[in-house]
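The next block holds one structure in the form of structure tokens; read it before the comments.
Every number in this text was worked out from the coordinates using simple rules, so none of it is lab data. All of these numbers come straight from a predicted model, not from anything done at the bench. Glycine also receives a Cβ, built like all others from the backbone with ideal geometry; neighbour counts cover every protein chain displayed.
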Amino acid sequence: MKIKLREGDFGTFLLVAEDGRDVLIQIDLDLPGVAATFGWSPCHCGETDGTVDCPHRTAGEMIDEARLFLRERAGSTADDPGYF
């Protein structure tokens, strides 16, 4: 199944399934995982999922980058990795 990314109010995002169901993404720690679904990678080292510091970057930096990545890709679709 495909999911569509939509930007919501107040810094939130929605994942919308083909059948109309949706999931609200509002917690900062969820942003890196959602961004990874749409092609983002937290660090070249591969030692973090973006929610914890690695030797190269802080979790805060990666979460902020994931948020910007998602904003830029609002309207994009991806395969559902298990949200629905």
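Okay, here's what the table says:
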{"item": "E61/Y83 FRET efficiency (R0 30 Å; Cβ-Cβ; nearest 0.05)", "result": "0.75"}
{"item": "Distance in nm between pseudo-label sites at S41 and M1 (7 Å out along the Cβ direction from Cα)", "result": "2.9"}
{"item": "Cβ-Cβ FRET estimate between D53 and T12, R0 fixed at 22 Å, reported to 0.05", "result": "0.35"}
{"item": "Karplus (6.51, -1.76, 1.60) ³J(HN,Hα), θ = phi - 60°, over the range 24-41, in Hz, Gly and Pro reported as x", "result": "7, 10, 9, 9, 3, 5, 7, 4, x, x, 5, 4, 4, 4, 9, x, 7, 10"}
{"item": "Long-range amide H partners of F84 with built H, under 5 Å", "result": "none"}
{"item": "Mean separation of Cα contacts under 8 Å, 6 or more apart, over the residue count of the chain: relative contact order %", "result": "35"}
{"item": "J(HN,Hα) series, the range 72-84, from Karplus relation 6.51 cos²θ - 1.76 cosθ + 1.60, nearest Hz, glycine and proline x", "result": "5, 10, 3, x, 6, 10, 8, 6, 6, x, x, 5, 10"}
{"item": "Phi-based couplings in Hz for the range 7-14 (Karplus 6.51, -1.76, 1.60; Gly and Pro marked x)", "result": "7, x, 7, 6, x, 9, 9, 10"}
{"item": "Other-chain or far-sequence residues with amide H under 5 Å of S76's (modelled H)", "result": "L5"}
{"item": "Answer label for volume of the Cα convex hull per residue in Å³ (calculated), chosen among (1) 157; (2) 84; (3) 95", "result": "(2)"}
